[in-house]
Amino acid sequence: MPLVPEIDYGTPASRSEKMVTLTIDGNEITVPEGTSIMRASMEAGIQVPKLCATDMVDAFGSCRLCLVEIEGRNGTPASCTTPVAPGLVVHTQTGRLKDIRKGVMELYISDHPLDCLTCAANGDCELQDMAGAVGLRDVRYGYEGDNHVKARSNGEANARWMPKDESNPYFTYDPSKCIVCSRCVRACEEVQGTFALTIEGRGFDSRVSPGMHEHFLESECVSCGACVQACPTATLTEKSVIEIGQPEHSVVTTCAYCGVGCSFKAEMRGEELVRMVPWKDGQANRGHSCVKGRFAYGYSSHRERILNPMIREKISDPWREVTWEEAYAHVASEFRRIQYQYGRDSIGGITSSRCTNEETFLVQKLIRAGFGNNNVDTCARVCHSPTGYGLGQAFGTSAGTQNFDSVEFTDVVIVIGANPTDAHPVFGSRLKKRLRQGAKLIVIDPRRTELVSSPHIKASYHLPLKPGTNVAVVTALAHVIVTEGLFDEAFIRERCDWSEFEDWASFVAEPRHSPEETEAFTGVPAEALRGAARLFATGGNGSIYYGLGVTEHSQGSTTVMAIANLAMATGNIGRPGVGVNPLRGQNNVQGSCDMGSFPHELPGYRHISDDATRDIFEKLWGVKLNNEPGLRIPNMLDAAVEGTFKGIYIQGEDILQSDPDTKHVSAGLAAMECVVVQDLFLNETANYAHVFLPGSTFLEKDGTFTNAERRINRVRRVMTPKNGYADWEVTQNLAKAMGLDWNYTHPSEIMDEIAATTPSFAMVSYDYLDKVGSVQWPCNEKNPLGSPIMHINGFVRGKGKFIRTEYVATDEKTGARFPLLLTTGRILSQYNVGAQTRRTDNVIWHEEDRLEIHPHDAENRGIREGDWVRLSSRAGETTLRALITDRVAPGVVYTTFHHPTTQANVITTDFSDWATNCPEYKVTAVQISPSNGPSDWQVEYDELARRSRRIKGKLEAAE
Amino acid sequence: MSEGNKIVRMANQIATFFHSQPASEGPNGVATHINKFWEPRMRRQLFDLVDNHGGEGLDSLVLEAVPLIRRPPPAEVPPAQAAAPAAP
Ligand code: SF4
Ligand code: SF4
Ligand code: SF4
Ligand code: FES
């Protein structure tokens, strides 16, 4: 297996449709107008020497190595900055060019160390390659004069020399090897959009510097790795490459962190992962990545990973390691016993949004076909179930309407309840790029997120609403659009039901929905809201991106409908640059929903009561399926507390930490007789488990993930599972132990079964994915290449449906006891409950969850920066340290939930979305007071966690 | 909060949404929603509230919807109890 080849064309592709023909070294070649001569040459198969150009960033023209001669033009223009023109005759190799290039290389090498043999980039260095390419044979200048290479010259300290910067946990910066090509600076600006790097100094003295001559770790750098990837030398190098050496083969796979679903090349040496490099052909990320996917994979070999199955009688017992056979037999007999004793519906399971489609499909199949009920749910319940419901009602499908590329064509963006630069970083970077090109931005968020104002980006409007008032704000936007006549009548008449529109329009036009009226309780100034509405309706292609700040409310589904209304009213559906875009959290949240993880739906979103659909599966599986919807996660826990739900199989989810109202979750789990947890680590839920089945990482299995744009991406196994089995094998073996006759030998066979039973996946197979790279469902005979944009010529449901969206204040109200509103979110370096990222060097950026509080609220309570504070709600209390900032408005506090010791969900309540029971994470009435240490609950819980992680015959696990 | 109350709250939340919809959709909307998403146990609790407790606390729209809600079959008797009816 070789390294996956990637061609560097030197400059980005041109989008022009006008074609230009020219001759390069006697070859005629036709390329789009605006293409550089360098890129055109590469397309003709001729590689012009280059150092400062790379196709991820715009050309800069500083190294003078890529010169060419053009007949009829004077001089030697740089091919990277010279665009093609019709009829040009270009020569890339002449006597004059050869001399110039040798001279250039000689100068570079004279200020570059010659320790190639021991250099980490040996074999992967463009400076080396170019020296070879131009035929450099000797260097006439020595190191005696000015140089950056040596710490001491002529016995004296060399002021030009700088030591290595090793502050970043994942890569090093060695200034002595820098050739000042500025590729890193441009990558940071153009690709990542962080502007962390500059070239300081001038001429010979110039060099790269993070921020104002800081170390990388203290600078603005977010450790995305784009600069490291862009660097042609060993100046910026992954520490893993320094440690291990150059990879010998690579495999394309998909990041297992967030819903962007970035494609990576896993670069390997044997079974050792050398590094993850974002893949340029990845259609979600286009060669970019964030710190998590790029660097934070160390958890897969973390010492706390559990590799053997374990059992215990009672949750107060220490764990006992057992064989796989014993574990399967135990689970099977326990589940059968429970069903015998308490009835068929007394057990269920939870599928994972972190596992593959194939694994998820198997878990729901086990539950429906093996347990004989529909008690299956997934963590999407607690994040995007309202998206499914809301968009399903309005458009006829839960699908987000666009691909990520669509953002390149948008003119006005509304970002509501989402923080993409932290939670969906690569999409965030792509969005920022478009904003820097001039697209306008409206942010609707209680908090001043990074997008509101960051280098070279400023939102036209930030509407800082009170948590819980989304529906009122979005309906008020519609009010302005309708009453000011800014709606797109032609679109509505053609695509939607006009009488429903009229009904809706008269509803939103009522004066009580005007921004002047709603301002009193939303806190959003009417003028700003009107301005935002006008901008969105009239500014060209309008797109809406939203996240959990929309869905995790008691009116989550209603807000999704309000968003759909807004998009339809302004005609922003069905073409690139527009649409309704849910930013889904976990890597395979989309896929787990597609695969029938909801208790009322079979794969492909078909209701369980539909006889024809059940029939398809019944025939194939040879069982009778229950036609009643099963329990959702919160209902399972309720039923457990009531005593009718006794056993659960949880694959790859940590509901105790991720679900709201921790005390209710733990009470539910504690009431069960057999809790089976399958995961990489003894997670928090495992504190209540009786059986632990070790899981495998995405590096250790084959499968597919479906990202937030419905893109089905391959996950490819690059190493043997440390625990012995991929997760799908574990589920299969468990099913066999329960008497099911399953014989999958490879996940591709599971995908074949999905394709055979699910029309939107009809054309999907591993062979097909190998051929086309990835596809966005629906992918069937009608759409063989998938469906990047939905609803192009009409809505899936026929006519788009306008739905009245009445604001209803949540029952979670502030009062004298709990006067502040708590809302929750994520940060870049950590992922969800943090089980993985906390086990990597990413902790360097986020050691603990902090409570953000406005200076005014802090002062009233005598709280200073860094103080321990007690955070209490009617559900419970916890303590954490304060971070005083005006990013949050007075009356609002904010925290993340990445660390188990914080237990932020002890605070959140069991209120939930009216339609889907998606919990109301984003609004909790709280009080804050100074505190001097952890709450009783935290102390008790720590003790419980410590006790429940004991393994017989082993030292206590550290966490 | 007791589980009965939870059922009431969930049903009323659904009703609240449909109160704002065109009147013709109301009861049907509530019933369809409950039929689609509520597991039989939950519907049984709802019917118990209506049949035996006068629908206490339920929104009027929920009560209007009740005739349209599918009555779940009686709770399954676990095999263990069926086998030994006298056992405690
Ligand atoms: S790692 Fe990313 S953010 Fe940091 S300097 Fe490099 S490109 Fe910029
Ligand atoms: S660090 Fe690398 S990419 Fe940046 S200027 Fe130096 S050699 Fe070029
Ligand atoms: S975490 Fe998300 S944005 Fe980051 S590399 Fe993975 S998929 Fe891409
Ligand atoms: S590659 Fe063209 S000037 Fe450097």
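Going by the conditions given, is residue A:188 assigned to a helix (DSSP H, G or I), away from ligand 4 (no atom under 16 Å from the Cβ), more than 14 Å from chain B (Cβ to nearest Cβ) and under 40 Å from the mean Cα position of the chain (by Cα)?
Details: assigned to a helix (DSSP H, G or I): yes; away from ligand 4 (no atom under 16 Å from the Cβ): yes; more than 14 Å from chain B (Cβ to nearest Cβ): yes; under 40 Å from the mean Cα position of the chain (by Cα): yes.
Considered against the rule, which asks whether it is assigned to a helix (DSSP H, G or I), away from ligand 4 (no atom under 16 Å from the Cβ), more than 14 Å from chain B (Cβ to nearest Cβ) and under 40 Å from the mean Cα position of the chain (by Cα), residue A:188 comes out as yes.
For the stretch A:191-220, taking the residues that are under 26 Å from residue A:422 (Cα atoms) and part of a strand (DSSP E or B), the one that is nearest to ligand 2 (Cβ to nearest atom) is identified as A:208.
Among what's in the stretch A:208-218 and is more than 7 Å from ligand 1 (Cβ to nearest atom) and touching a strand residue (DSSP E or B) at 6+ places or on another chain (Cβ under 7 Å), pick the residue that is nearest to residue A:168 (Cα to Cα).
Within the stretch A:208-218, the subset more than 7 Å from ligand 1 (Cβ to nearest atom) is A:208-209, A:211-215, A:217-218.
Restricting the remaining residues to those that are touching a strand residue (DSSP E or B) at 6+ places or on another chain (Cβ under 7 Å) gives A:208-209, A:213, A:215.
Numbers: A:208: 15, A:209: 14, A:213: 15, A:215: 8 Å.
Per the criteria, the residue is A:215.
Taking the residues in the stretch A:68-84 that are more than 10 Å from ligand 4 (Cβ to nearest atom) and within 41 Å of the chain's Cα centre (by Cα) as candidates, determine which candidate is nearest to the other protein chains (Cβ to nearest Cβ).
To start, the set of residues in the stretch A:68-84 that are more than 10 Å from ligand 4 (Cβ to nearest atom) comprises A:69-76, A:83-84.
Next cut, within 41 Å of the chain's Cα centre (by Cα) only: A:83-84.
Details: A:83: 57, A:84: 59 Å.
Within the stretch A:68-84, the match that is nearest to the other protein chains (Cβ to nearest Cβ) is A:83.
Listed here are the residues, each with its yes/no results for (1) surrounded by 24 or more Cβ atoms within 10 Å (Cβ to Cβ); (2) within 14 Å of chain B (Cβ to nearest Cβ); (3) closer than 19 Å to residue A:355 by Cβ.
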residue: A:621; (1), (2), (3): no, no, no
residue: A:624; (1), (2), (3): no, no, no
residue: A:635; (1), (2), (3): yes, yes, no
residue: A:641; (1), (2), (3): no, yes, no
residue: A:647; (1), (2), (3): yes, yes, no
residue: A:651; (1), (2), (3): yes, no, yes
residue: A:655; (1), (2), (3): yes, no, yes
residue: A:659; (1), (2), (3): yes, no, yes
residue: A:664; (1), (2), (3): no, yes, no
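I'm trying to understand the selection: among the residues of the stretch B:22-43, which are farther than 25 Å from residue A:606 by Cβ and within 14 Å of another protein chain (Cβ to nearest Cβ)? Of everything in the stretch B:22-43, those that are farther than 25 Å from residue A:606 by Cβ and within 14 Å of another protein chain (Cβ to nearest Cβ) turn out to be B:22, B:23, B:24, B:26.
Out of curiosity, is residue B:15 out of contact with any Cys (no Cβ under 9 Å at 6 or more places or on another chain) and either crowded, with 20+ Cβ neighbours inside 10 Å or facing chain A (nearest Cβ under 8 Å) (or both)? The answer is yes for residue B:15.
Take the stretch A:243-257 and flag every residue that is part of a strand (DSSP E or B) and surrounded by 21 or more Cβ atoms within 10 Å (Cβ to Cβ). Steps first, please.
Taking the stretch A:243-257 as the starting set, the residues that turn out to be part of a strand (DSSP E or B) are A:249-254.
If the condition is that a residue be part of a strand (DSSP E or B) and surrounded by 21 or more Cβ atoms within 10 Å (Cβ to Cβ), then A:250, A:253, A:254 are the ones that fit.
Condition check for residue A:397 on (1) under 24 Å from residue A:709 (Cβ atoms); (2) of a type in the set (Val, Ile, Thr); (3) not in a loop (DSSP other than H, G, I, E, B): one failure, at (3).
Residue check: is residue A:592 in contact (Cβ under 8 Å) with a residue 60 or more places away in the chain, over 20 Å from residue A:788 (Cβ atoms) and polar (S, T, N, Q)? Criteria met by residue A:592.
Just to be sure, is residue A:205 surrounded by fewer than 23 Cβ atoms within 10 Å (Cβ to Cβ), more than 16 Å from ligand 3 (Cβ to nearest atom) and modelled with pLDDT under 85? So residue A:205 fits the description; yes. If I filter the stretch A:51-59 for residues that are surrounded by fewer than 19 Cβ atoms within 10 Å (Cβ to Cβ), within 16 Å of ligand 2 (Cβ to nearest atom), among the polar types (S, T, N, Q) and within 23 Å of residue A:226 (Cα to Cα), do I get at least one hit? No, the stretch A:51-59 contains no residue that is surrounded by fewer than 19 Cβ atoms within 10 Å (Cβ to Cβ), within 16 Å of ligand 2 (Cβ to nearest atom), among the polar types (S, T, N, Q) and within 23 Å of residue A:226 (Cα to Cα).
Restricting attention to the stretch A:313-348, the residues that are more than 14 Å from chain B (Cβ to nearest Cβ), crowded, with 19+ Cβ neighbours inside 10 Å and at pLDDT below 95 total 1.
Within the stretch A:613-664, being among the aliphatic types (A, V, I, L, M) and either closer than 23 Å to residue A:759 by Cβ or without any contact (Cβ under 8 Å) to a residue 40 or more places away in the chain (or both) holds for A:616, A:620, A:623, A:625, A:637, A:639, A:640, A:641, A:656. Within the set A:62, A:41, A:16, A:36, the sole residue that is of a type in the set (Ser, Thr, Tyr) and within 16 Å of ligand 2 (Cβ to nearest atom) turns out to be A:62.
Going by the structure shown, is residue A:258 more than 14 Å from chain B (Cβ to nearest Cβ), closer than 22 Å to residue A:836 by Cβ, in contact (Cβ under 8 Å) with a residue 12 or more places away in the chain and within 16 Å of ligand 1 (Cβ to nearest atom)?
Working: more than 14 Å from chain B (Cβ to nearest Cβ): yes; closer than 22 Å to residue A:836 by Cβ: yes; in contact (Cβ under 8 Å) with a residue 12 or more places away in the chain: yes; within 16 Å of ligand 1 (Cβ to nearest atom): no.
Considered against the rule, which asks whether it is more than 14 Å from chain B (Cβ to nearest Cβ), closer than 22 Å to residue A:836 by Cβ, in contact (Cβ under 8 Å) with a residue 12 or more places away in the chain and within 16 Å of ligand 1 (Cβ to nearest atom), residue A:258 comes out as no.
Closer than 23 Å to residue A:226 by Cα and crowded, with 24+ Cβ neighbours inside 10 Å: is that true of residue A:474 in this structure? Break it down into steps so the answer makes sense when it comes.
On the way: closer than 23 Å to residue A:226 by Cα: no; crowded, with 24+ Cβ neighbours inside 10 Å: yes.
Here the answer is no, as residue A:474 does not meet what is asked.
Can you say whether residue A:260 is at pLDDT 90 or above, in a loop (DSSP other than H, G, I, E, B) and crowded, with 22+ Cβ neighbours inside 10 Å, as far as the supplied structure shows? Please lay out each step first, then the result.
Values: at pLDDT 90 or above: yes; in a loop (DSSP other than H, G, I, E, B): yes; crowded, with 22+ Cβ neighbours inside 10 Å: yes.
It is true that residue A:260 is at pLDDT 90 or above, in a loop (DSSP other than H, G, I, E, B) and crowded, with 22+ Cβ neighbours inside 10 Å.
Listed here are the residues, each with its yes/no results for (1) in contact (Cβ under 8 Å) with a residue 60 or more places away in the chain; (2) away from ligand 3 (no atom under 16 Å from the Cβ); (3) of a type outside the set (Lys, Arg); (4) in a loop (DSSP other than H, G, I, E, B).
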position: A:38; (1), (2), (3), (4): no, yes, yes, no
position: A:45; (1), (2), (3), (4): no, yes, yes, yes
position: A:51; (1), (2), (3), (4): yes, yes, yes, yes
position: A:54; (1), (2), (3), (4): yes, yes, yes, yes
position: A:57; (1), (2), (3), (4): yes, yes, yes, yes
position: A:63; (1), (2), (3), (4): yes, yes, yes, yes
position: A:73; (1), (2), (3), (4): no, yes, no, yes
position: A:86; (1), (2), (3), (4): yes, yes, yes, yes
position: A:97; (1), (2), (3), (4): no, yes, yes, no
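Which of the helices (runs of 4 or more DSSP H) found entirely inside the stretch A:474-558 contain at least 3 residues meeting this: farther than 18 Å from residue A:803 by Cα?
Values: elements: A:489-495, A:498-509, A:515-522, A:526-538, A:548-551.
Fully inside the stretch A:474-558 and qualifying: A:515-522, A:526-538.
Please verify whether residue B:7 is of a type in the set (Val, Ile, Thr) and at pLDDT 90 or above, treating the condition exactly as stated. So residue B:7 does not fit the description; no.
Contact annotation: residue pairs with Cβ atoms under 6 Å, 6 or more positions apart or on different chains, pairing a residue in the stretch A:272-297 that is touching a residue at least 40 places away in the same chain (Cβ under 8 Å) and within 14 Å of ligand 1 (Cβ to nearest atom) with a partner that is of a type in the set (Phe, Trp, Tyr) and in a strand (DSSP E or B), are A:278/A:264. Only one of the numbered conditions (1) in a strand (DSSP E or B); (2) buried (at least 22 other Cβ atoms within 10 Å of the Cβ) is not met by residue A:168, and that is (1).
Can we say residue A:645 is assigned to a loop (DSSP other than H, G, I, E, B) and touching a strand residue (DSSP E or B) at 6+ places or on another chain (Cβ under 9 Å)? Even if it seems obvious, please write down each step before you answer.
Values: assigned to a loop (DSSP other than H, G, I, E, B): yes; touching a strand residue (DSSP E or B) at 6+ places or on another chain (Cβ under 9 Å): yes.
Here the answer is yes, as residue A:645 does meet what is asked.
Of the residues making up the stretch A:252-304, those that are at positive phi and within 16 Å of ligand 2 (Cβ to nearest atom) number 1. The set of residues from the stretch A:78-93 being under 21 Å from residue A:127 (Cα atoms) and either touching a helix residue (DSSP H, G or I) at 6+ places or on another chain (Cβ under 6 Å) or of a type outside the set (A, V, I, L, M, F, W, C) (or both) comprises A:79, A:80, A:81, A:92, A:93.
The values are calculated or read from the model by the stated rules, or taken from the named source; none is laboratory data. Source: prediction; values computed, not measured. All Cβ positions, glycine included, derive from the backbone under ideal geometry; neighbour counts span all protein chains shown.
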